[in-house]
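The values are calculated or read from the model by the stated rules, or taken from the named source; none is laboratory data. Quantities reported herein were computed from a predicted structural model and do not represent experimental measurements. So basically every Cβ, Gly included, is an ideal-geometry build from the backbone, and we count neighbours across all protein chains shown. Please note that ligands, DNA and RNA were not included when accessible areas were found on the heavy atoms of the full protein model with its side chains. Shrake-Rupley method; radii C 1.70, N 1.55, O 1.52, S 1.80 Å.
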Amino acid sequence: MTKILVLILMTLLLLTESQASKSAFTYQPMTTSSQLMNISAKILFNNKEASSHFLSKNDIQLAKKWATNISIPSENELDELMNLFLEKVLEDFNDSFIKCDVKFIHFFINEAKERNLAHSYTELRSLVHYLRFKNNIDDILYRAIERYLEMNEHFKYAQKIKVKKSSNQFIKRLKKQNIKIKDIFSIFQSNNICFFENYETMLNRLHSKKYQKKSFLNKLFQYAFSQKEISRDIFHKLMTLNKIQNLKQKQQRHIRINQYLETLSGVKDLYSKNNEDMNQETTYPNEIILSQERISRREYLYRKFTINQIIILSHLLLDTSKRINAKNSQLVWTYANNENDIYIFSPMEQYRASIKLLRKEIAEVRRSQLFRYTSFQYEDIVSAAFETGVIKAHEIDYIIKFKHYWQPQKSPGEAYLNLALTLTGNAVFFLPPPWNTIGALGLIWGEIIFKKKKKVSKPEDNENVII
Amino acid sequence: MKPFYKKITPFFFSFNFIKIIILFFFALYFSAFSMNHKQSENQVIEFDVLLRDKNSYKTIVKKTEMINLISRHSFHGKYFKIVEDKSDEAISFQHKSKVLIQKAATVYYHLNKSREFWINDMKSSFALHHPTITVRLEIKNKFNDLGQFSHDSLSPQYNNALSIPAGQGPDWLPKDERRVWGNEIWFRPKKMVPMIIPSEQNPLTQMLSSLKKPLMNFSLNKFIIDVMTNLKDKKNISQMSRNSFLNFVSLYALIEFSLLASKKSDFLFIDKTFYLDAAFIPEIIYHEYAHIVLSDYLELSHSTPVNEGMADYFAAVQSKLRKVYQSIKGFSNAAAKDTQASKPYHHWDESNENATSDFTLSVLWNIRHILGERESDILVYHARKYLRTKSAHINDHLLRALLQSCQDKCQNPFRDKLKMYESFSEKGF
């Protein structure tokens, strides 16, 4: 019975998470304009993530080995070279008319070759490891570049695939389920450069999971190619991807490099006077919140929200911190005869009022047009504020606790204890005497021993305050 | 020819010889005196002083050097002059009362030690440049801001200590009659005062009172059940019912007797008399000197929860003990103040009548746990700049002063202020 219950619970959890991950991300179309804000290698420098989830010890060793093989004597010179390398890549990308991930990888690889930094796939990987190891880039960019380099390598060595004729049964099935090849693959007709974006668009158009299975997609791509909806090159790439990716990987939607760079240049350390050194005190931005895809809080923020949304969210805490730090605050009653009755808040009232006002403003922002189709939690506000430099790493642990004013939290231990005492208390009723008396005494003893003796003070008990 | 002795005898009896002899002895005497004098100048002056044993509440008497003395005959130092009652002369080392000498030595030693703390640790320029403070022992007169001392017979004071602000007599008095005084510390004499013991307050009486009703009810119920059972069975009152009745009566008598006896045992839990020889309690000495040092901003006009709490705080810092003013047998049986008192804020804590409670001390002491000892001491000391004795409430002014002080002094002001807000919230603000 319990096994069945556990199975049902796990299924529900999986379903909700997959739903959440799907609904969390709105697909950002690639921009064709050269509107990317002026971004420099300095902004790419990682001063937010205390550690990397994806860089292993082996990767670091490879990176160090690669660095020694490069004929540059000093570490400082090498660091400078990395900066210049990144600057050039960004410059080329910025100047490019079409900004998609393929282009970025193309500039990355070319620049690495021109500067004799990396010629082979292994060297390119080591270069990326080194950039991450030295914090020239963060986990988000590192992961994206690694992924595209790997896929690029697969495409290079993709074998020529024999084209099979699609069976009548398959074609009938397509007609029956109203799957129109032209609509699905039209994206490859209009723009055949941004392959990865188009690939994800195509997958999105095949709504159901059953259409994303390997066998179905194989037949679909074969049929599309035979109908000349896609070119041979695209066909090979699609078949290669279909071969190397499993169903889960096909369902993952990745952050676009262009989107990421654009948002980064618009929000990172916007309110911070100078770039702080990476502070090891908090791993908050690096916490994995979507375990299946291993997405950190920071990546989640960049995926889900636009520049304006992140700025608005960070402003919530900016205003709150200003209110908390205000010299004084007061409540004013203005009477009909224009007389004012002023009540000056005590420091604690000012503090609580600031936090309650934060809660009110969160509700107002939720109702706004900008967030009409985007939900957010308090944790997203904290992430946004940290990203824009409104709050510092060592302040996060205390700012997170603001939420407890409207969502008081109990520790897991307390929750389990309460559950145990409640269940035992109810069970004691059904025991025969004298066991019910012994049980009741045991419960009382348990409460005395295990429950916190410290009385929790509440503002309501203080007659000297109004908030 | 005259013999030799006849030749020299007249010389010995001549006036010149006598002069030489006198001069010789005179020279001998002065040289001896000067040697003694030099020796006594270099001699360290030590007296028995009452101290707390290292990091404990136990007290010991230890011979300790009296530093910074100006006089070699009395307790007149560069920074503190210990006098008796209304006198302006320092207490002599040869005073007839040995207890008074020990008291003076104790006060002198601890005050100098406290001064070093304020100058070296807290970098107080006010303490560094403060003129000599007169410290009065065994003074019973109330303070009068016009003439310094109230009349001798007007409400003599005992079992206390206070710091008085500098002042002078009124302008309408002639100059030569106008008394001028600086900041002073007064220690009242000890007096055994009978305690007013509230009835039924000792723990034994309280426990018996709470047990009385349920026990009596249980016994009575048993008796009634037995009687009803007999009646139901239409039997005469049985032996069992008689036993129940006897049990009930005897239990009642036992409880009443125990209650009466417990009231007589108040002495086991509550002292009959109260006494406090403040000059022998090191923390009280630190406390009073702290009032003087903080008086550059917190004027010495009257006791408020804030200024008393701040002085308690620095007394606790210097004593390095959790509980301050712990009783010392023979000198004090006053209640101690706990730096970690857990009582939450109540608006009555703002009342001047509760100025001597340990609530403010616990609020300030909590800051040590969250910011660190050194940082907290600096912060609390700096906070006095934002306070005045007349307008200092804990809930408002003290918290605001502490937060403002953190803004000025903390390394990470916003974070540290958030920590302080959390701490204040736990205290019930």
Exercise. Is it possible to state the helix-based mean residue ellipticity at 222 nm for the protein assembly as shown, with each DSSP H run of 4+ residues giving -39500 (n - 2.57), the sum divided by total residues, to the nearest 500 deg cm²/dmol? What is it?
Worked result: -17000 deg cm²/dmol
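For the stretch A:283-338, what is the Kirkwood hydrodynamic radius in Å, using each pair of distinct C-alpha atoms?
Working: mean 1/r = 0.0680 Å⁻¹.
Computed over Cα pairs of the stretch A:283-338, the Kirkwood hydrodynamic radius comes out at 14.7 Å.
Run through the DSSP bridge list for the stretch B:65-153 and note the antiparallel percent, rounded to the nearest 5. Write down the numbers at each step before the final one.
Values: 6 of 11 bridges.
If we restrict to bridges inside the stretch B:65-153, about 55 percent are antiparallel.
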Problem set entry | Shielding by partners - mean other protein chain Cβ count within 10 Å, residues of B:406-412 | 1
Exercise. In Å², rounded to the nearest 100, what is the total accessible surface buried by chains B and A against each other with a 1.4 Å probe?
Worked result: 2200 Å²
For this session: Calculate I(q)/I(0) for chain A by the Debye formula, one identical point scatterer on each C-alpha and no solvent, and give its log10 at q = 0.05, 0.07, 0.12 Å⁻¹ to two decimals.
Result: -0.29, -0.54, -1.17
Exercise. Hey, got the Cα dimensions of the stretch A:49-142 along the principal axes, in Å, largest first?
Worked result: 38, 30, 23
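Ignoring ligands, DNA and RNA, what percent of the accessible area of chain A is carbon or sulfur (1.4 Å)?
Numbers: 14500 of 26620 Å².
Using a 1.4 Å probe with all protein chains present, chain A comes out at 54 percent carbon and sulfur.
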Exercise. For the stretch A:136-221, what size does the Cα cloud have along each of its three principal axes, sorted from largest down, in whole Å?
Worked result: 53, 27, 25
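Going down the list B:Lys62/B:Lys409; B:Lys63/B:Lys272; A:Lys113/A:Lys219; A:Lys360/B:Lys427, which pairs span over 29 Å between their C-alpha atoms?
Details: B:Lys62/B:Lys409 39 Å; B:Lys63/B:Lys272 33 Å; A:Lys113/A:Lys219 38 Å; A:Lys360/B:Lys427 26 Å.
Violating the 29 Å limit, Cα to Cα: B:Lys62/B:Lys409; B:Lys63/B:Lys272; A:Lys113/A:Lys219.
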For this session: Please give the per residue accessible area of the stretch A:236-330, computed with a probe of 1.4 Å over protein heavy atoms only, in Å².
Result: 43 Å²
Seminar exercise, completed: Rounded to the nearest 10 degrees, the helix B:15-42 long axis (Cα) sits at an angle to the longest Cα principal axis of chain B of 30 degrees
For this session: Mean Kyte-Doolittle of at least -0.5 plus a Cα span of 24 Å or more along the axis: flag which DSSP H helices in chain A meet both, please.
Result: A:2-24, A:307-324, A:412-429
Exercise. Can you list the residues of the stretch A:201-220 with backbone N under 20 Å from a point 7 Å past the Cα of A:Asn168, pointing along Cα to Cβ?
Worked result: A:219-220
Exercise. Dividing the convex hull volume of the Cα atoms of the stretch A:40-91 by its residue count, what figure in Å³ per residue is obtained?
Worked result: 102 Å³
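Considering all alpha-carbon pairs of the stretch A:347-467, what whole percent are spaced by more than 26 angstrom?
Working: 3588 of 7260 pairs.
Of all Cα-Cα pairs in the stretch A:347-467, 49 percent lie more than 26 Å apart.
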For this session: Kindly provide log₁₀ I(q)/I(0) values, in the same order as q = 0.13, 0.15, 0.18 Å⁻¹, from the Debye equation applied to equal alpha-carbon scatterers of the stretch B:63-207.
Result: -0.69, -0.86, -1.10
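Using the beta-carbon distance between B:Lys232 and A:Glu414 and R0 = 60 Å, what value does 1/(1 + (r/R0)^6) give for FRET efficiency, to the nearest 0.05?
Values: r = 52 Å, r/R0 = 0.87.
Given R0 = 60 Å and the Cβ-Cβ separation, E is 0.70.
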Exercise. Which order do A:Thr388, B:Thr229 take by accessible area at a 1.4 Å probe, largest first?
Worked result: B:Thr229, A:Thr388
Problem set entry | Residue-normalised accessible area of chain B, expressed per residue, 1.4 Å probe, Å² | 56 Å²
Exercise. What is the mean projected area of the alpha carbon convex hull for chain B, to one decimal in square nanometres?
Worked result: 41.7 nm²
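From other protein chains only, count the Cβ atoms within 10 Å of every residue's Cβ in A:338-351, then give the mean.
Working: counts 0, 0, 0, 0, 0, 0, 2, 1, 10, 15, 12, 3, 4, 10.
Mean number of neighbouring Cβ atoms from other chains: 4.
Send over the Kirkwood Rh of the stretch B:226-364, from the inverse of the averaged 1/r over different Cα pairs, rounded to one decimal Å. Don't jump to the answer; show the numbers that get you there.
Details: mean 1/r = 0.0513 Å⁻¹.
Mean inverse Cα-Cα distance, inverted, gives 19.5 Å.
Can you tell me which of B:364-377, B:388-401, B:346-359 comes out highest on packing, and rank the rest after it, using the mean Cβ neighbours within 10 Å? Intermediate values should be presented prior to the final figure.
Details: B:364-377: 17.9, B:388-401: 19.6, B:346-359: 16.2.
Order by mean packing, descending: B:388-401, B:364-377, B:346-359.
Would you mind estimating how fast the protein assembly as shown diffuses translationally, via Stokes-Einstein at 37 °C and 0.692 mPa s with the Kirkwood radius over Cα pairs, in µm²/s? The partial results should precede the final answer.
Numbers: Rh = 37.0 Å.
Calculated translational D: 89 µm²/s.
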Exercise. Can you give the FRET efficiency for A:Glu80 and A:Glu150, using 1/(1 + (r/R0)^6), R0 = 45 Å, r = Cβ-Cβ distance, to the nearest 0.05?
Worked result: 0.95
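In the protein assembly as shown, what % of DSSP beta bridges are antiparallel (nearest 5)? Provide the component values of the computation, followed by the final result.
Numbers: 32 of 41 bridges.
Close to 80 percent.
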Exercise. Expressed as a whole percent, how much of the Cα-Cα distance distribution for the stretch B:84-163 exceeds 17 Å?
Worked result: 58 percent
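Need one value for A:62-68: mean number of C-beta atoms belonging to other chains within 10 Å of its residues' C-beta atoms. Walk me through the numbers on the way to the answer.
Working: counts 0, 0, 0, 0, 0, 0, 0.
Mean shielding by partner chains, rounded to a whole number: 0.
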Exercise. Counting only pairs 8 or more places apart or on different chains, how many lysine pairs in the stretch B:83-189 have C-alpha atoms closer than 22 Å?
Worked result: 12
Exercise. What nm distance separates the two modelled labels at B:Lys329 and A:Ser291, each placed 7 Å from Cα along Cα→Cβ?
Worked result: 6.3 nm
Exercise. Quick one, what does Rg over Rh come out to for the stretch B:144-236 if you take C-alpha atoms and the Kirkwood Rh?
Worked result: 1.63
For this session: Keeping every protein chain in place, order A:Tyr373, A:Tyr398 by accessible area at 1.4 Å, biggest value first, i.e. largest first.
Result: A:Tyr373, A:Tyr398
Exercise. Among A:129-136, A:210-217, what's the highest-first ranking by average C-beta atoms within 10 angstrom per residue?
Worked result: A:129-136, A:210-217
Exercise. At a 1.4 Å probe radius, carbon and sulfur cover how many percent of the accessible area of chain B?
Worked result: 58 percent
Exercise. Roughly how much of B:Thr304 is accessible, in Å² to the nearest 10, using a 1.4 Å probe?
Worked result: 10 Å²
Seminar exercise, completed: Hydrodynamic radius by Kirkwood for the stretch B:51-98, inverse mean 1/r across distinct Cα pairs, in Å, is 12.5 Å
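Take the eigenvalues of the Cα gyration tensor for the stretch A:121-179, scale each by 5, and report the square roots as semi-axes in whole Å, largest first.
Details: eigenvalues 343, 55, 3 Å².
Computed over the stretch A:121-179, the values are 41, 17, 4 Å.
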Exercise. Here are some pairs, A:Lys268/A:Lys322; B:Lys222/B:Lys264; A:Lys103/A:Lys243; A:Lys103/A:Lys268; B:Lys263/B:Lys343; A:Lys88/A:Lys248; which of them have Cα atoms lying more than 26 Å apart in this structure?
Worked result: B:Lys222/B:Lys264; B:Lys263/B:Lys343; A:Lys88/A:Lys248
Seminar exercise, completed: Simple SL model, points at 7 angstrom along Cα→Cβ for B:Asn16 and B:Tyr297; separation in nm is 8.2 nm
Exercise. Debye sum, Cα scatterers, the stretch B:314-406, no solvent: what log₁₀ I/I(0) at q = 0.22, 0.23, 0.25 1/Å?
Worked result: -1.24, -1.31, -1.43
